[in-house]
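Remarks on the structure that follows.
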Amino acid sequence: MLQCISPVDQSVFVRRDPAEEQAIERALALSQTAAHTWKQTALAERMALCQKAVDYFLKNAGEIGQEITWQMGRPVRYSPFEITRGFQERAKYMMEIAPAALADIEVPPAEGFHRFIRRDPLGTVLVLAPWNYPYLTSVNVVIPALLAGNSVILKHAAQTPLCAERYAEAFRYAGLPPGVFQYLHLSHEQVAKVIGDERISYVAFTGSVEGGAAVQQAVGQRFIHTGLELGGKDPAYVRPDANLDAAIENLVDGAFFNSGQSCCGIERIYVHDTLFDRFVEGFVALTRQYELGDPLLPETTLGPMVRTSAAHFVQAQIDEALAKGAKALIDPGSFPAHRPGTPYMAPQVLVQVDHRMAIMREETFGPAVGIMPVKSDEEAIHLMNDSRYGLTASIWTSDEAAAIHIGDQLHTGTCFMNRCDYLDPALAWTGVKDSGKGCTLSRLGFEALTRPKSFHLKKG
């Protein structure tokens, strides 16, 4: 039995049985058959059906937002925006660029020949989606894979099983042909078996580094690609010419939105020493304005973490840093809803930190951040690169040339200037080092979901 224990009140919110072996076999067989037919469907029709599915999500965004809150704890004042903003924006953009991105690639003419490269769908795409942004992460692959002519099987995290079922409802509402989209509730052992099945042509996984390694192991010697979006320890650097108020406002949000449970959230901050004291003072003052509490209440701005063990993990990083000389600037007691031994955890800001401490080098994935002073761009670059992760990095400055110069030296998939914790669907979403491999979104996102097929046609 797969159970979703709600972080709201620790009750069992959803129970689902893992799919039986016969159901898995039916899903794989049907998906393979459906992929062949779906590939022949005109792109305009694929786009229309995907748009109708998006319409379903928008129509039901309020109810879906409540489900997100119950399943993973994000305050309900924010949860519907996952659908009405990010989900809609990404799906819409990928539909808009699909005709050009999926069009045949013409090559220079050669007398007596017609030559072009066609983007052929892979077949069946398996999407393994996480709980922290259950729709924002999955839409990056589900919609583009369908647009490209693939069939899709979605396996969602056990914490958010209703999200997979919502996708199925949306595609039924849209009139998608049977088998083109399916979902399965699976155990870890069943996932490994499905990945190894020859009818799976591509695996898209978002989750932990350990989970990514397990996916790679399950692929074994099969000659298929995987897209892996894994951990992050995303840094920010505040230069002396930064707009201080804007940097504080955005970095507090980047650190604590979704209780810090974001792979591209801000987990460590480096501030030029000329601004350090003022930055820290403003950062702490704004952090203290959060309302930690029941995420079903409209006034709550900081909900519980997904589970008690996650809160314990974050607290262990804080305790280790304090033991090595860090200083905590937030009194958890000033947040009445903070309750040790539960998922309800107050935010924490640490100074006097250094890279001996896990909180400055290893993923935290919770509402805690360390802030360090630096004396130069060079020192900031060195520290920002001192991590096994490389998903995003943000630079806060009024000098775009400086931001590009620094960004060129950072080991990261995305480099921001004066913003953070955001995916622009026009740009490639990718990571380096232990943040994974592959690419979603943008025109490049379609390349992973198709294979090139050359046509070399001699006339006459």
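The values are calculated or read from the model by the stated rules, or taken from the named source; none is laboratory data. Keep in mind that what you see is a predicted model, and the values were worked out from it rather than measured. Cβ coordinates were reconstructed from backbone atoms using ideal geometry, including for glycine residues, and neighbour counts include every protein chain displayed.
I'm trying to understand the selection: among the residues of region 309-335, which are in a helix (DSSP H, G or I) and crowded, with 19+ Cβ neighbours inside 10 Å?
Result: ALA310, ALA311, VAL314, GLN317, ILE318, ALA321.
Take GLU267 and decide whether it is surrounded by 22 or more Cβ atoms within 10 Å (Cβ to Cβ), acidic (Asp, Glu) and either under 18 Å from GLN348 (Cβ atoms) or modelled with pLDDT under 95 (or both).
yes
Which condition breaks for ALA91 when tested against (1) on the phi > 0 side of the Ramachandran plot; (2) surrounded by 18 or more Cβ atoms within 10 Å (Cβ to Cβ)?
(1)
For the condition aliphatic (A, V, I, L, M), under 26 Å from ASP245 (Cα atoms) and surrounded by fewer than 21 Cβ atoms within 10 Å (Cβ to Cβ), what is the one hit in ALA380, ALA402, ALA393?
ALA402
Can you tell me which condition GLU320 does not meet? The list is (1) touching a residue at least 12 places away in the same chain (Cβ under 8 Å); (2) within 30 Å of THR160 (Cα to Cα), and all the others hold.
So GLU320 meets the others, but not (2).
Is region 102-109 home to any residue that is closer than 22 Å to LYS52 by Cα, out of contact with any Gly (no Cβ under 7 Å at 6 or more places or on another chain) and of a type in the set (A, V, I, L, M, F, W, C)?
Yes: one or more hits.
Report, by residue number, each residue of region 397-417 that is of a type in the set (Ser, Thr, Tyr) and more than 17 Å from THR430 (Cα to Cα).
Correct list: THR397, SER398.
Scanning for something surrounded by fewer than 21 Cβ atoms within 10 Å (Cβ to Cβ), touching a residue at least 12 places away in the same chain (Cβ under 8 Å) and not assigned by TED's automatic domain parsing to the domain that holds THR37, does region 222-241 turn up at least one residue?
yes
Which residues, counting only those in region 270-308, are basic (Lys, Arg) and either crowded, with 19+ Cβ neighbours inside 10 Å or in contact with a Phe, Trp or Tyr (Cβ under 7 Å, 6 or more places away or on another chain) (or both)?
Residue satisfying the conditions is ARG307 alone.
To keep it simple, each residue is scored yes or no on (1) touching a Phe, Trp or Tyr at 6+ places or on another chain (Cβ under 7 Å); (2) free of Cβ contacts under 8 Å to residues at least 60 places away in the same chain.
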site: VAL141; (1), (2): no, no
site: ASN150; (1), (2): no, no
site: PHE171; (1), (2): yes, no
site: TYR183; (1), (2): yes, yes
site: ALA204; (1), (2): no, no
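Got a sec? Which of LEU350, LEU251, LEU244 is in contact (Cβ under 8 Å) with a residue 24 or more places away in the chain, farther than 26 Å from GLN159 by Cβ, surrounded by fewer than 21 Cβ atoms within 10 Å (Cβ to Cβ) and not charged (D, E, K, R)?
Sole residue among the options that is in contact (Cβ under 8 Å) with a residue 24 or more places away in the chain, farther than 26 Å from GLN159 by Cβ, surrounded by fewer than 21 Cβ atoms within 10 Å (Cβ to Cβ) and not charged (D, E, K, R): LEU244.
When you go through (1) outside any helix (DSSP H, G or I); (2) among the small types (Gly, Ala, Ser); (3) farther than 29 Å from GLY265 by Cα one by one for ALA158, which number turns out not to apply?
Exception for ALA158: condition (3).
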